[in-house]
Structure formats: C-alpha cells, structure tokens
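Below: one structure, written as structure tokens.
FYI, it's all coordinate maths here, none of it is from the lab. The model shown is predicted, which means the values in this text are computed figures rather than measured ones. Cβ: placed from backbone, ideal geometry, glycine included. Neighbour counts: every protein chain shown.
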Amino acid sequence: MASTELEKSDRPWGRYEVLQESHTHKVKCIWVSPGKRLSYQRHKHRAEHWYIVQGSAEVMLDGITSHPLPGATVDVAMGQLHRITNIGSDEVIFVEVQTGSYFGEDDIERVEDDFGR
C-alpha cells in the first residue's frame, strides 16, 4: 500500500505529520504555533473531523466562531469554509481525520491566507 515513510511538512503556521493514509482516509497530527492560523479554506473532495488535543484554539466554520477546549471535536463538512487559529501562548495540537475520495494538498481552495498562498 503506502510507503514506509509518511509525510511530514513544516508550514508558515506550524507543522503536520501524516499518521496514517489509505484510499478511504488520511489521519494527520497538526501543530499550530502561538499567534498563527491556517488559511480560511474549503475542500471539494474531503470532509474533516478534528480532535483538539492541546491549546487555546479559535475555530471558524462558515463565518461562525467557536472556542473548542482540549477534548472537543469539530466536524468540517465537504465544501465548508473553515480555519483554526492559535489564540494562546502554547502550541495548539489537533488530530485531523479526513474522509472522502481525494486527500491531496491541491484540494485546498484558499479564500483568505496570511502567507499569500
């Protein structure tokens, strides 16, 4: 199936590591640095389920803001605009489970991005 070395990537907002990958799902651990946020984005081919592990997160889903605590989950539907921001002084860590038909990084439509991508 997959290679023995799973993907790891540094990003301007932090980093992620792929924990598991198959043709039906992908699981990532994502670290967001203090004061940083991911782009406001959506996906055509996948939904996401986030489990907040650590930190002070602010989540925006289709313009509605929430502040999930560690232990909380966030469901991002296919096509739903979403963003997570670290509003604390420690890293935000969350586990993301993607389900759908395609999991490539090119299935990201960025509506707003702090890093000009």
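Using 1/(1 + (r/R0)^6) with R0 = 22 angstrom and r between the beta carbons of residue 101 and residue 7, what's the FRET efficiency to the nearest 0.05?
Efficiency, rounded to the nearest 0.05: 0.70.
Given 70, 39, 93, which one lies farthest toward the positive end of the charge dipole of the range 2-110, if we put +1 on the Cβ of every Lys and Arg and -1 on the Cβ of every Asp and Glu?
The residue sitting most towards the positive pole is 39.
What whole-number value in cubic angstrom gives the convex hull volume per residue for the C-alpha atoms of the range 12-66?
Given the Cα convex hull of the range 12-66, per-residue volume reads 108 Å³.
For the range 67-117, state which chymotrypsin sites (Phe, Trp or Tyr not before Pro) are in a DSSP loop and have at most 13 other beta carbons lying within 10 Å of their beta carbon.
Answer by residue number: 102, 115.
Name the trypsin sites (Lys or Arg not before Pro) in the range 1-68 that are in a loop by DSSP and that have at most 16 other C-beta atoms within 10 Å, would you?
44
Could you give the dipole magnitude of the chain about its Cα centre, charging the beta-carbon of Lys and Arg +1 and that of Asp and Glu -1, in debye to the nearest 20?
Roughly 80 debye for the chain.
Report the relative contact order of the range 8-112, percent, no decimals, based on alpha-carbon pairs under 8 angstrom and at least 6 residues apart.
36
I'd like the distance separating the alpha-carbon centroids of the range 79-117 and the range 40-57, in whole Å.
Result: 6 Å between the Cα centres.
For the range 22-117, which GluC sites (Glu not before Pro) are in a loop by DSSP, counting at most 12 other Cβ atoms within 10 Å?
For GluC sites (Glu not before Pro) across the range 22-117 that sit outside H, G, I, E and B with at most 12 neighbouring Cβ atoms in 10 Å, the list reads 105.
P(r) tail for the chain, what percent of Cα pairs lie past 25 Å?
15
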